[in-house]
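Take a look at the structure below.
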Amino acid sequence: MPARILSIRIQPPAGDPGPAGAEAAADDDGLWRMAEVDFGGVRQQVSLACLPEAAVGDRVLVHVGLALSLVEDDPA
C-alpha cells in the first residue's frame, strides 16, 4: 500500500557533523531528508534519501523505512 507524504524535514545524525563541519552537512541535506507518511491512518517516519524529488502530498512506495519510488494516483 502506498503512503502519502504529510511533512518533510532535514534530520542530520546526532553528534559531530564530521571533519568538514556544518558546510558539508548542508551539502548532504538530501541524504538526511525524512518524511512523516500516512499508511491509511498509520503514521510512520521514513527516509527520502532515494527520492530527492519527493514533495508533500506525493504518494510513495516504502520498504523497511525507506521511500523507494513515487506512485502515480489512479485516474479513476
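In order along region 59-69, the phi-based Karplus estimate (6.51 cos²θ - 1.76 cosθ + 1.60, θ = phi - 60°) of 3J(HN,Hα) comes to 9, 10, 8, 10, 9, 6, x, 10, 6, 9, 7 Hz; Gly and Pro are listed as x.
The label point for I8 and the one for S69, both projected 7 Å from the Cα toward the Cβ, are 1.9 nm apart.
A short reminder: the numbers here are calculations on the coordinates, not readings from a lab. Remember, predicted model here, so these are calculated numbers, not experimental data. Cβ coordinates were reconstructed from backbone atoms using ideal geometry, including for glycine residues, and neighbour counts include every protein chain displayed.
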